[in-house]
1. Across segment 29-42, what is the number of residues that are surrounded by 18 or more Cβ atoms within 10 Å (Cβ to Cβ) and either over 18 Å from Arg71 (Cβ atoms) or of a type in the set (Val, Ile, Thr) (or both)?
2. Which residues, counting only those in segment 68-121, are in contact with a helix residue (DSSP H, G or I) (Cβ under 7 Å, 6 or more places away or on another chain) and either open to solvent by 40 Å² or more (accessible area, probe 1.4 Å) or hydroxyl-bearing (Ser, Thr, Tyr) (or both)?
3. Of the conditions (1) free of Cβ contacts under 8 Å to residues at least 12 places away in the same chain; (2) open to solvent by 80 Å² or more (accessible area, probe 1.4 Å), Arg26 fails just one. Which one is it?
4. Name the one entry in Glu88, Glu46 that is over 20 Å from Val12 (Cα atoms), out of contact with any Asp or Glu (no Cβ under 6 Å at 6 or more places or on another chain) and of a type in the set (Asp, Glu).
5. Quick one: how many residues across segment 1-40 are part of a strand (DSSP E or B) and closer than 21 Å to Asn55 by Cβ?
6. What are the residues in segment 46-58 that are open to solvent by 60 Å² or more (accessible area, probe 1.4 Å) and closer than 18 Å to Val117 by Cα, if any?
7. Could you list, in sequence order, all residues of segment 2-46 that are among the aliphatic types (A, V, I, L, M) and closer than 23 Å to Lys75 by Cβ?
8. Just to be sure before I move on: is Tyr93 modelled with pLDDT of 95 or more, among the aromatic types (Phe, Trp, Tyr), more than 15 Å from Gln116 (Cβ to Cβ) and in contact with a strand residue (DSSP E or B) (Cβ under 9 Å, 6 or more places away or on another chain) in the structure I sent?
Amino acid sequence: QVQLAESGGGLVQPGGSLILSCATSRSIFITYAMAWYRQAPGKQRELVAAITAGNKMIYADSAKGRFTISRDNAKNTVYLRMNSLKPEDTAVYYCNTGAYHEGSYVTGAYWGQGAQVTVSS
């Protein structure tokens, strides 16, 4: 059973910052690409950012310039640093482990439990 343990959600004012964390096992961390998705109420889940084991990164247009995905090899953890947050970033954010194929992230079967991010004044 693949475990993806998320943390770091919360309430933040517009323009603020948050960091999400997703920890997993060593074998998963060094083998697979990992990604962050989000799902807002009434909307489909969408890819926010992905990173491969070799540190190739993919960003959704909505995340470029504001969000940064990174990996900590010592902690088997992937982070999503979100700056300049907007109300439209409000969503449940999910960690996913998958694959990188021909420049695109391929969604895997395993998901974290979700972290609520609310951007509101």
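1. 1
2. Hits for segment 68-121 are Thr97, Ser120.
3. (1)
4. On inspection, the qualifying residue turns out to be Glu46.
5. Counting residues in segment 1-40 that are part of a strand (DSSP E or B) and closer than 21 Å to Asn55 by Cβ gives 11.
6. Scanning segment 46-58 gives a single hit, Glu46.
7. Selection gives Val2, Leu4, Ala5, Leu18, Ile19, Leu20, Ala23, Ile28, Ile30, Ala33, Met34, Ala35.
8. no
The values are calculated or read from the model by the stated rules, or taken from the named source; none is laboratory data. All figures in this text were calculated on a predicted structure; none of them were measured in a lab. A quick note on method: Cβ atoms are made from the backbone with ideal geometry, for glycine too, and the neighbour counts reach across all protein chains shown. These accessible areas exclude ligands, DNA and RNA; they are computed on the full protein's heavy atoms, side chains included. Shrake-Rupley method; radii C 1.70, N 1.55, O 1.52, S 1.80 Å.
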